[in-house]
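Below is one structure, written out as structure tokens; the observations come after it.
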Ligand SMILES: [Cu+2]
């Protein structure tokens with residue numbers, strides 16, 4: 001425990017799930033019968049399959065891509081209707097359609113970023129980040145979301161084309177899910193590709209505190225996956241990129257516990273929340289109500305912030321899947337192998353992921369295959385975007401893969417650390433390359 005996390009003692013022990021007691025996601029897959037009991041209103045019919053226009057590759061990928069501008073076999077014709085949903089986003093599961101059911105609970109956990117640095121976290125099922133959800137396109141996803149904290153939370157399904165009521169925007173598409181409440185999210189998994197989910201309440205705190213996770217939608221027919229056709233691969237890695245100001249998170253978690261009583265009262269009465277009309281939390285019925293309040297003396301919190309309440313974050317830890325170097329997981333590869341890496345900009349800062357000793361292919365953006373893959377050695381991953389790359393095993397060794405923004409290569413300002421991992425060749429020795437096993441924590 002560091003001085004930075006001095007607020008930790010303020011949180012009652014019973015609120016905290018031990019990091020060793022993390023619950024795994026439970027999953028039940030079933031097919032819909034006529035009585036699913038979850039209806040979303042009338043369905044919207046679409047007559048065309050917009051992805052049907054995607055031309056199939058015409059040639060087999062012929063070995064190494066070499067210096068070709070575009071890998072052989074890549075063909076992704078532009079289609080003006082391609083952003084129309086493949087399946088109607090509204091409506092309920094019909095008989096015979098598959099439903100993947102998940103139970104997700106948000107609780108408070110202690111999360112260790114690197115040895116010696118622990119923070120209190122809001123976690124989906126006890127892990128930071130939350131569990132990866134992976135489903136085929138077109139199937140239904142049913143998530144029973146239960147809140148075991150004293151705060152309001154939601155789950156926003158980022159990049160998913162779904163019914164408006166399922167979008168997870170608190171006081172927008174739903175009331176925030178309050179203490180002890182359960183909200184059922186039901187949506188079709190579409191479009192295929194790399195996506196993620198996160199809390200949409202007080203995102204500056206809640207996302208830093210751990211409320212995000214990967215949502216991977218597999219193509220209905222994996223054999224028709226353009227990426228896989230051109231770059232056959234067996235192994236893939238998902239990397240959620242984010243950062244945290246540990247001082248801010250600990251301070252605000254402490255404050256949250258102090259306000260617990262008021263929050264619970266508001267939860268008992270959404271009406272009360274409306275009546276308060278911005279008096280406490282800054283929620284207004286509409287723009288006019290907000291402007292009227294300002295005219296009659298209401299001072300928005302950003303005008304005169306109470307000391308220490310909303311400090312701009314000063315990020316001091318930069319993470320891949322919730323851990324900083326040297327605790328990040330390595331990527332494994334063999335000579336001649338393709339691996340797919342799904343990079344997700346889950347935090348608030350851009351990151352510039354750079355691979356040593358290789359070029360790679362940027363193949364998908366925000367889930368969709370690009371018009372043509374782009375050959376790069378550094379790819380920017382902006383907040384809210386996802387970027388899929390293919391790394392080809394062409395240069396045995398141990399290679400750095402990291403955010404090239406130098407501030408993100410530190411832990412609390414000390415190099416090396418942060419958003420860094422290694423591409424490790426399993427067959428390096430067979431190729432005469434000696435790969436050292438070194439862990440460095442200071443320079
Ligand atoms: Cu939240």
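Numbers below:
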quantity	calculated
Residue in segment 159-172 that is farthest from residue 368 (Cα to Cα), counting only those that are within 15 Å of the ligand (Cβ to nearest atom) and either crowded, with 22+ Cβ neighbours inside 10 Å or over 19 Å from the mean Cα position of the chain (by Cα) (or both)	171
Segment 131-153, residues that are touching a residue at least 60 places away in the same chain (Cβ under 8 Å) and not in a strand (DSSP E or B)	131, 132, 137, 138, 149, 150, 151, 152
Criterion (within 12 Å of the ligand (Cβ to nearest atom) and either touching a residue at least 24 places away in the same chain (Cβ under 8 Å) or not in a loop (DSSP other than H, G, I, E, B) (or both)) met by exactly one of 185, 197	197
Meets criteria (at positive phi and in contact (Cβ under 8 Å) with a residue 24 or more places away in the chain) for residue 116	yes
Test: residue in segment 214-237 that is within 16 Å of the ligand (Cβ to nearest atom) and not in a helix (DSSP H, G or I)	no
Those residues of segment 382-441 which are assigned to a strand (DSSP E or B) and more than 25 Å from residue 350 (Cβ to Cβ), in sequence order	392, 398, 424, 425
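Coordinate-derived values only; no laboratory data. A quick note: this is a predicted structure, and the numbers were derived from the prediction, not measured. Note: ideal-geometry Cβ built from the backbone for every residue, glycine included; neighbour counts use all protein chains shown.
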